[in-house]
1. State the number of residues belonging to the range 246-263 that are within 7 Å of ligand 1 (Cβ to nearest atom), touching a residue at least 60 places away in the same chain (Cβ under 8 Å) and outside any loop (DSSP other than H, G, I, E, B).
2. Looking only at the range 437-477, which residues are among the small types (G, A, S) and under 20 Å from I565 (Cβ atoms)?
3. So, R204, is that one more than 14 Å from ligand 2 (Cβ to nearest atom), more than 23 Å from A298 (Cβ to Cβ), assigned to a loop (DSSP other than H, G, I, E, B) and in the same structural domain as G92 (by TED's automatic domain parsing) or not?
4. Quick one: in the range 513-526, which of the residues that are touching a Lys or Arg at 6+ places or on another chain (Cβ under 9 Å) and surrounded by 15 or more Cβ atoms within 10 Å (Cβ to Cβ) is nearest to P386 (Cα to Cα)?
5. Consider the range 537-547. How many of its residues are within 30 Å of the chain's Cα centre (by Cα) and either assigned to a helix (DSSP H, G or I) or surrounded by fewer than 17 Cβ atoms within 10 Å (Cβ to Cβ) (or both)?
6. Look at P215 and say whether it is closer than 20 Å to A328 by Cβ and not in a helix (DSSP H, G or I).
7. Six or more apart or on different chains, Cβ under 7 Å: which pairs go from a residue in the range 297-310 that's outside any helix (DSSP H, G or I) to one that's of a type in the set (S, T, N, Q)? Could you list them?
Amino acid sequence: MHASTDWRPLAVYGRRPRLRSSVHLPPRQRLVMLPGWLCHGCRNRARWHHLSARVFSWSPRQISRWDKQESAESSRQETPRVLITGGLGQLGVGLAQLLRKQYGTDNVILSDIKKPPVEVFNSGPFVYADVLDYKNLRELVVNNRITWLVHYSALLSAVGEANVALARKINITGLHNVLDLALENCLRLFVPSTIGAFGPSSPRDPAPDLCVQRPRTIYGVSKVHSELMGEYLHHKYGLDFRCLRYPGIVSANTQPGGGTTDYAVQIFHDALSTGRFESYLRADTRLPMMHVDDCHRATVQFMQASDCQLSLRTYNIAAMSFTPEEVAQEIRKHLPHLKVTYNPDFVRQTIGLHNVLDLALENCLRLFVPSTIGAFGPSSPRDPAPDLCVQRPRTIYGVSKVHSELMGEYLHHKYGLDFRCLRYPGIVSANTQPGGGTTDYAVQIFHDALSTGRFESYLRADTRLPMMHVDDCHRATVQFMQASDCQLSLRTYNIAAMSFTPEEVAQEIRKHLPHLKVTYNPDFVRQTIADSWPMRFDDSNARRDWGWKPAYNLSELVTDMLRSIREQRTKAGLPVS
Ligand SMILES: NC(=O)C1=CN([C@@H]2O[C@H](COP(=O)(O)OP(=O)(O)OC[C@H]3O[C@@H](n4cnc5c(N)ncnc54)[C@H](O)[C@@H]3O)[C@@H](O)[C@H]2O)C=CC1
Ligand SMILES: CC(=O)[C@H](N)C(=O)O
């Protein structure tokens, strides 16, 4: 983790935690905390944005947020008012305790859809809140003047695999609700992510903050979506989104909620009750783990950090990594008679491993979903962008396309869905008008060159982007759909043909129309998007696997575009420059 919040785990595998309870932070951390909450200077950029009431539904009710009055008011407010969703699971109650010790019992509200145990009910405010009920959530936030939202509700990995439809609802629809709420009400929003947000193509030892993330569980797919949506809304609207990727959490006081790492809690209970434990993971399955106190401490410390301390919005946090056999050995130092047997459960054992490739493919619908160069972002390699790399796009278009890729691949691996996806470059076509994208200039320039002889580019002269003739795009799609399953080593491929800048395409057009005049008047939004996209695609996998090869290069594309548009104009009786 390259966190600048100075995170250090206290509980280390094989050693006793130095602090049993992490409630009392060292003085230096307490000092960091207060300015963190007060530091609104870093959020100034957000004042420029006008946010809709329901961002994802684009409600017509436009409200201006992050205005001066709101900012000034929140900066006077020293004590956060916290709402925790899904608070009755393994983690919520302990986090509430820690926050209540720091900010006062009444300032931390636990919520869930379950009935709270009596001791939880008596220990501080508890309310019913279903994250699928947006109106009720909004009422809670407004009526209680909430300023921090900790979004814990989720179906965990093993339970999610057993009920994919419900996991999609709770983990994705529920997330969209809290994102909307956080935007509307200028909340600091914490959404935990997980080691489950990585997949078999991610580096495993260690997994860095930024890398390929193609998880193979609905839980992981929904968590990558949370990371990307939160980061997107942070960059676009200044949402104060914070996310930590938790390892498996080990706690004595609360039961885990159906995850893959739950064995690391159960083993202690079984060791002390029966002296026997049957592990559903293999003896050598090494996973990152953390003591629950460290998890709470990290969360609070991260929530208290000031904006300017954060170089990322999603951080890994780590403490230790162990296997079932290693933790059993450690327990045997105290309980020498512990007997452990191994009976790996296919679902839990395959999560994060390659074995799902062995699943039989069913012969259902062959589904094609195009993706785009927009599925990459500023942290992706740009020249060239490979098929598998970091993908943290800065547009909702890109975030939704990454989500399509991940959902399709997940359903392919889980149920054998014949999902196929190509990442198209900017498509250049003479016959149809583009629909409002960032690469549209590369079509418009031909129309303007032949009508007025002048073109004003909304991208800088040197903005290099991958592009393709529409015929190549159609041919690639058909060829890919016809490829047999055994030709495909991936389900999502880049396809490339050429890469050019506005100036280069203008030069090529001038070989036919020497008087073309091009001016450059970069549009901030589209230029920023283009600058975050790859300059070139690496499509070597598509070429190797199913024989992809483009027919058009830049000079052939220009010749064909000018010929087609000239013909169209002549047919329509329009002048040709
Ligand atoms: N416990 C762990 O090892 C790890 C947990 N996390 C994340 O931390 C968060 C909290 O984890 P846990 O407490 O372990 O989860 P848990 O599964 O124990 O608790 C989740 C809670 O969400 C509630 N819930 C379910 N549907 C709901 C709905 N429609 N509305 C409101 N609440 C609903 C459940 O009643 C449950 O109390 C989750 O987002 C999880 O993904 C991440 C990594 C590790
Ligand atoms: C690591 C997690 O996110 C959770 N404990 C699970 O195993 O699903």
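The values are calculated or read from the model by the stated rules, or taken from the named source; none is laboratory data. Predicted, not measured: the structure shown is a model, and the values here were computed from it. Heads up, the Cβs are rebuilt from the backbone with ideal geometry, glycines too, and the neighbour counts pull from every protein chain shown.
1. Number satisfying all stated conditions: 2.
2. G437, A442, A449, S451, G453, S457
3. no
4. So the residue we want is P522.
5. Of the residues in the range 537-547, 7 are within 30 Å of the chain's Cα centre (by Cα) and either assigned to a helix (DSSP H, G or I) or surrounded by fewer than 17 Cβ atoms within 10 Å (Cβ to Cβ) (or both).
6. In short, no.
7. A305/T5; L310/S4
Here is a yes/no grid of residues against (1) surrounded by fewer than 23 Cβ atoms within 10 Å (Cβ to Cβ); (2) at pLDDT 95 or above; (3) within 14 Å of ligand 2 (Cβ to nearest atom); (4) more than 24 Å from Y103 (Cα to Cα):
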site: V250; (1), (2), (3), (4): no, yes, yes, yes
site: H269; (1), (2), (3), (4): yes, no, no, yes
site: Y280; (1), (2), (3), (4): yes, no, yes, yes
site: D284; (1), (2), (3), (4): yes, no, no, yes
site: R297; (1), (2), (3), (4): no, yes, no, no
site: F302; (1), (2), (3), (4): yes, yes, no, no
site: S306; (1), (2), (3), (4): yes, yes, no, no
site: L310; (1), (2), (3), (4): yes, yes, no, no
